[in-house]
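Student: If you scroll down you'll find the structure; I have some questions about it.
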Amino acid sequence: MKIRKLEHSGIIIEDNGRAVIFDPIEIENSLPEYENIDAIIITHGHSDHLQMQDVVEVATHNPNAKILCPEDCLANFTNTNLNAEAVVPGQKLVVGDFNLTFFGGKHAQIFPGQEMCDNLGCIVNGIIANPGDSLDVPPLAVKVLCVALSAPWLKSHEAVEFINNVKPEVVIPIHDALVSRMGKEIYRNVLKKADREFRFLEPGQEFEF
Ligand SMILES: [Zn+2]
């Protein structure tokens, strides 16, 4: 399997030539025109994870791809011709050759007491987990863990504790478009306090596992 990082929290996970894509958004670069996508997974409806025109773009090249999102995100698709499906934490789905296990529930808190939107974490093929905008521990031991680098809901020490709890072999930071190049270095150095192997990928870079 391999993971290719896109911008911010966008990632593509490929296995045997097929792929699932998470949170595809275009910020500075155009999304590559992938035509091998079986599932488009939207972790939650915030604008740094869901831009409808970008989902339309991916779906146009992959008309048979399933679009999967949390329940409170489904309304975004009502007046479109996209066929989206709500999934809930605890649900398992087989899409193409991919085994998807959903976990989590809610977006991490930004303000204390604030009602937060739904957020889906997802484990792909039992090997790699993407918790979306949360520090929800995946229900299975995973080899590769995606972790937010910087976010309004995150203190870096919490990300380090999260990594130490999950104990993956490899950590891939995502959610990194909110900081400058200098900021990235600062946050990366803090994350490295977790005693794990890190792959710091820039958009377009891949890691095979
Ligand atoms: Zn976010």
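Bear in mind these aren't lab numbers, they're just calculated from the coordinates by the rules spelled out. Predicted, not measured: the structure shown is a model, and the values here were computed from it. All Cβ positions, even for glycine, are placed from backbone atoms using ideal geometry, and neighbour counts span all protein chains on display.
Student: So for segment 54-68 (the condition being within 16 Å of the ligand (Cβ to nearest atom), of a type outside the set (Ser, Thr, Tyr) and not in a helix (DSSP H, G or I)), does at least one residue qualify?
Tutor: No.
Student: Moving on. So, in segment 22-51, exactly how many residues are over 21 Å from Pro152 (Cβ atoms) and either more than 16 Å from the ligand (Cβ to nearest atom) or in contact with a Phe, Trp or Tyr (Cβ under 6 Å, 6 or more places away or on another chain) (or both)?
Tutor: 13
Student: If Cys146 satisfies all but one of (1) more than 16 Å from the ligand (Cβ to nearest atom); (2) crowded, with 20+ Cβ neighbours inside 10 Å; (3) hydrophobic (A, V, I, L, M, F, W, C), what's the number of the condition it fails?
Tutor: Of (1) more than 16 Å from the ligand (Cβ to nearest atom); (2) crowded, with 20+ Cβ neighbours inside 10 Å; (3) hydrophobic (A, V, I, L, M, F, W, C), only one is false for Cys146: (1).
Student: What is the number of the single condition among (1) buried (at least 18 other Cβ atoms within 10 Å of the Cβ); (2) within 16 Å of the ligand (Cβ to nearest atom); (3) not acidic (Asp, Glu) that Ile13 does not meet?
Tutor: Answer for Ile13: the failing condition is (2).
Student: Which ones in segment 1-36 are within 15 Å of the chain's Cα centre (by Cα), farther than 15 Å from Ile123 by Cα and part of a strand (DSSP E or B)?
Tutor: Once the filter is applied, which keeps residues that are within 15 Å of the chain's Cα centre (by Cα), farther than 15 Å from Ile123 by Cα and part of a strand (DSSP E or B), segment 1-36 yields Arg4, Lys5.
Student: Pairs, please: C-beta under 8 Å, at least 6 apart or cross-chain, first residue without any contact (Cβ under 8 Å) to a residue 40 or more places away in the chain and under 20 Å from Gln91 (Cα atoms) and in segment 132-153, second aromatic (Phe, Trp, Tyr) and within 16 Å of the ligand (Cβ to nearest atom)?
Tutor: Hits for this filter: Leu135/Phe162; Val137/Phe162.
Student: Go through Lys192, Lys184 for me and flag whichever is surrounded by 16 or more Cβ atoms within 10 Å (Cβ to Cβ), of a type in the set (D, E, K, R) and out of contact with any Lys or Arg (no Cβ under 7 Å at 6 or more places or on another chain).
Tutor: Among Lys192, Lys184, only Lys184 is surrounded by 16 or more Cβ atoms within 10 Å (Cβ to Cβ), of a type in the set (D, E, K, R) and out of contact with any Lys or Arg (no Cβ under 7 Å at 6 or more places or on another chain).
Student: Give segment 114-134 a look and list any residue that's in a loop (DSSP other than H, G, I, E, B) and either out of contact with any helix residue (DSSP H, G or I) (no Cβ under 9 Å at 6 or more places or on another chain) or buried (at least 20 other Cβ atoms within 10 Å of the Cβ) (or both), or say none.
Tutor: Gln114, Glu115, Met116, Asn125, Gly126, Ile127, Pro131, Gly132, Asp133, Ser134
Student: Tell me the strands (runs of 3 or more DSSP E) entirely within segment 72-113 that contain at least 2 residues that are under 19 Å from Gln53 (Cα atoms).
Tutor: Those strands (runs of 3 or more DSSP E) span 84-86.
Student: Let me ask something additional. Kindly check whether there is at least one residue in segment 154-175 that is aromatic (Phe, Trp, Tyr) and more than 13 Å from the ligand (Cβ to nearest atom).
Tutor: yes
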